[in-house]
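The structure under discussion appears below in the form of structure tokens.
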Amino acid sequence: MSQFPTPPHSQGNHFSGAYATAPPTDALNSLEPSLAALGEPAPQSSASQAAQASFKLQLQAAAAAANDAPNHGHDATNHSDSNDVLAKSKRLGRACDACSRRKVKCGEEVPCKNCVELDIECTFQRPTKRRGPVNRVVEEIKRQRMDGVDLHEGFVSGQFQLSIEAIAPHHLVHRLLFDFFTYIYPIYPFPHEHLVLDRFNKREDLQSRTFLGLIAAVVGAFAASFPRLSEIALRDAVHDGLLASGEDFVDRCVQVCTDARGPGYLLRPNLDVDDAVTSFFMAIISARTSRLTQFSLHMAESLSILRSLDLPPDPVQPGFKGFVGREISSRLFWAIYTESRLSQRPEMIPPCRTTELPRMPDAIDDYYIYHDRLERPSSLISLLEGFNLNVRVYRICHVLSTVDLLYDISPDLGCREERRVLTDTLRELSSLFDNCPPELVTLSQQHPNSEVDIQALQASVAEAPDIRRQLQCDIQKANVHSSAITARFSIIQRLAKLQEKSAMNEPVATNGSVEQLASERRKVFWDLASLLRNMSRSTIEPHLDIIQAKLVPVISELRKTWKDETTMGAVEVASLSARFVEFFGDPGWT
């Protein structure tokens, strides 16, 4: 039994194609009263007469087909064929949804007798199930039918209504959305969780292609970022032939998002924050699938849409569009900022004064953000605390990009001034966690690594909000600690090079600065060791590429200089290296 909330079903009746062909006009007229009063008690005689009329028409059609067939003098054969036709015509139709669930016999009339007596809706919405092994031919036909080319042709011709079902079955998309807000949302806290789920339940994808594109991008980003968990969820769809693999699902999400947005979506006058968020997650999909050119294009597109909106940050300014748009746009900008620094593409957001950067988002969870107001609960630590803490790491280092730009403009800038800026930045990063609550600092390994255990974790997360909250906090802590370790290590390396350069010009170097630099390096290595010991696979796997890119330079330097720079033994360094390889794979050490 599914642990996830039951997704809503679309209203209206859907009649199965298993029923016989519609009778002529007079037969339809006899059926009209029962169809018009769908779900209400209907006279038994009317439904019975309609069934008898339909059966007589089928007998007449069978007799006519027997008369038209060529006569070869084998009356017995013709008689046998007629009996076969009559036998086929007497086959019972598919039971309605209510009778199927109750395991009772369903009548041939619509609505059936049981549903009329119980005064419930008689529907045929459940999917048909095929028994036996998967037919490879049918699987290939289904894959081609759901391929992007067929999907695009149906979209252009207007014969196919693009909806969530173009991605996957509705309940499966609902489950993947839940997983996205559990594992990806702590690092990229947008879109607004409760508004998106509410719009999803209302089936807004049928009216808004912008919303459908957003859902496709969000679900595709989760599948590309956490392939192990997404493939567990997609196993049923792969078994039924709807999907070939997890990579096929990601490609389908990209195709649905592209078709939903249309070729000229940037020309629409009503672009909003959802369009910018969609472009951002399309960039994340490109990054996770090693399409770096598309990553840069989509990320620049997201930033361009965000800047074109020009959302005023102050509610008292004219044109204020609500707190939801303000908070989501602020979170999105800083996510783009951190991605540009992490991917070493500072040209996305060029160096500027710190005062020119937009405001930090408020540390308030989505549950307390409304269009017209913000609520600030005092007893609850928001998930945005962890997001803002990670942003602070990159914002502290923002001054370094300005110093680099100034050094390029004025080469006469002295090494002493550069050393002062680097030292102040390192000191600020080292004290980053001093005033933070313990929930954002203390690392704890309490999450599973194996596939069996992670499935049990999924069930616990769906049932217990506290377990889900703790998992989200641990994902944030692993990300923040890896960012801080990488930033401190980078500054220490720059200080070491600067010290070597100054030693050539000024042979007399202070022993205090050398010892202080060595002490900071040892602290970084010990913090790395603590992080590797306490993190679990389920907390880092959704953002494996990001954390790996941060930690590879640090662990490589530790392996080279551990004898001189640390008090660790060879066994401990080997153990940390093995644990790193267990999580991230072998980076090619020699």
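Some notes on this structure:
- Taking the stretch 164-182 as the range and being of a type in the set (D, E, K, R) and over 18 Å from ARG228 (Cβ atoms) as the test, only GLU165 passes.
For every residue, the table says whether it meets (1) in the same structural domain as ILE540 (by TED's automatic domain parsing); (2) surrounded by fewer than 17 Cβ atoms within 10 Å (Cβ to Cβ); (3) within 18 Å of THR278 (Cα to Cα).
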{"residue": "ILE184", "(1), (2), (3)": "no, no, yes"}
{"residue": "ALA217", "(1), (2), (3)": "no, no, yes"}
{"residue": "ALA221", "(1), (2), (3)": "no, no, yes"}
{"residue": "ARG228", "(1), (2), (3)": "no, yes, no"}
{"residue": "ALA233", "(1), (2), (3)": "no, no, no"}
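- Applying the criterion of being acidic (Asp, Glu) and closer than 30 Å to HIS174 by Cα to the residues of the stretch 417-462, the residue that is modelled with the lowest pLDDT is GLU451.
- Each residue in the stretch 176-213 was checked for being under 10 Å from the mean Cα position of the chain (by Cα), in contact (Cβ under 8 Å) with a residue 24 or more places away in the chain and in a helix (DSSP H, G or I), and 7 of them qualify.
- Test for ALA217: is it closer than 26 Å to THR338 by Cβ and either out of contact with any helix residue (DSSP H, G or I) (no Cβ under 8 Å at 6 or more places or on another chain) or assigned to a helix (DSSP H, G or I) (or both): yes
The values are calculated or read from the model by the stated rules, or taken from the named source; none is laboratory data. These figures come from a predicted structure and were not determined experimentally. Ideal geometry is used to build each Cβ from the backbone, glycine not excepted, and the neighbour counts take in all protein chains shown.
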